[in-house]
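Structure first, then comments.
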């Protein structure tokens, strides 16, 4: 079993190739980032010692626009993980019709082991190592796992010092006083719940009274819970890690509230201390009889074994890559509607785009305007993907990549045309060199679908 996220992304590309009718050249064009940068970051620690931290930035594809994606600080970050996440960002942006390609960054570090001063010096050091490759129209980082608005503040300050510019749009996820956008904090989780609501409606069900189970209660999971409850759903279960680092769930049939879960988190009190709750193992959590399951933790949470336990008819993926290839296959065989991560959790990058636009124009929207715009963008994206799903009778994940590939090809600025015809994407042009350029471009992407190239010359 291979749970390497980059290998998973490449396998997903291969799977989509059959549908698209592309030859091997497309896969080769899409499987690697256009640029991958690895840096060593020297940081003077509070005790005077200098430690070196390894950092990464992957810029996958800029056919549609500047690359865009978060930066995570985590002790288990790898280069392959960052590459895979940048690939998924390319398609996430294409799905949401955003003028971006995919980017992603990471630093191998446990930020909980650093003082505030050490964390600031690390953040600024990351920018010193990469600032020549960043910019409002080049590559735009944002917060991700274990990074936040404060870290973005240090980074944009360092970028401006080094460049002599005031390019506040070079990073998103900033505090409001530095050009951040209202609605950004809750955007990803809000979108996960919205996607679930839209899926239920497509299945002839209502979100009101629907039972949700949410894995994880970080930024994404917590706002998924909050928005689901606002929609009238009942969140019956949520997970966290106990003092030994073991993931478990709490269950209350009549429903948990966002306020009580958040209070536990703020006060560092475990969920199982809440009244009238039952503590569940993670396996018992997966097996709950609910309407919607939202995995909002890290990748590879659902393997084949977990998939066989799941009863929920709808899964809305809040995390990036929460299902392994084997797990995803098992879910599809069970007929579960899986709203893929590149669609379900695209709310974050959507509102990051809004922040970027507001920075560039110097005019800022109300929170209500941001939420309304996000809902409109994500609803259109969902309906577009659902239409492709129905047309080709394929899972939503494959439909999302079919839809995205067409957009990427059309934005290569080549003298070719691209259109979906039945179960294929056909690219036509008079210049063989231009057509070969399309093939080469697609090979440089890392589409999580299998691609085949067929010569349609008569």
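FYI, it's all coordinate maths here, none of it is from the lab. All values derive from a computational prediction rather than experimental measurement. Reconstructed Cβ throughout: ideal geometry from the backbone, glycine too, with neighbour counts over all protein chains shown.
Points to keep in mind about this one:
- Euclidean distance between Cα centres, the stretch 25-81 to the stretch 150-213, Å: 21
- As a proxy for reagent exposure, ranking 121, 270 by other Cβ atoms within 10 Å from fewest up yields 270, 121.
- Relative contact order (percent, whole number), the stretch 187-344, Cα cutoff 8 Å, 6+ residue spacing: 23
- Whole-number percent relative contact order across the stretch 34-177, with pairs defined as alpha carbons under 8 Å at least 6 apart: 25
- Take every DSSP beta bridge whose two residues both sit in the stretch 34-177; close to 60 percent of them are antiparallel.
- Cα gyration tensor shape for the stretch 334-388, rounded if a/c is under 1.5, else prolate or oblate: prolate
- Global form of the stretch 34-177, assessed from the alpha-carbon gyration tensor, a/c cut-off 1.5: prolate
- The ranking of 394, 339 from fewest to most other beta carbons within 10 Å of each one's beta carbon is 394, 339.
- Mean-position separation - Cα centroids, the stretch 325-390 and the stretch 253-302, in angstrom: 24
- Taking a ≥ b ≥ c as the square roots of the Cα gyration tensor eigenvalues, the stretch 182-325 comes out rounded, since a/c falls below 1.5.
- Gain in span if fully extended, residue 263 to residue 7, counting 0.36 nm per residue against the direct Cα distance: 88.2 nm
- Within the stretch 187-344, DSSP assigns beta bridges of which about 40% are antiparallel (rounded to the nearest 5).
- If both residues of a DSSP beta bridge must be in the chain, then about 55% of such bridges are antiparallel.
- The label-point distance for residue 304 and residue 162, in a model that sets each label 7 Å from Cα toward Cβ, rounds to 4.5 nm.
- Put a dot 7 Å past the Cα of residue 24, heading toward its Cβ, do the same for residue 40, and the two dots end up 3.8 nm apart.
- Only helices enter the 222 nm calculation for the chain: every DSSP H run of n ≥ 4 contributes -39,500 (n - 2.57), and dividing by all residues gives -14000 deg cm²/dmol, rounded to 500.
- Fewest-first sequence of 223, 258, 363 by Cβ atoms within 10 Å of each Cβ: 363, 258, 223
- Calculated percent of Cα pairs over 41 Å apart (choose from (1) 31; (2) 14; (3) 10), label: (2)
- Measuring nothing but how far apart in sequence close Cα pairs (under 8 Å, 6+ apart) lie, relative to its length, the chain scores a relative contact order of 24 percent.
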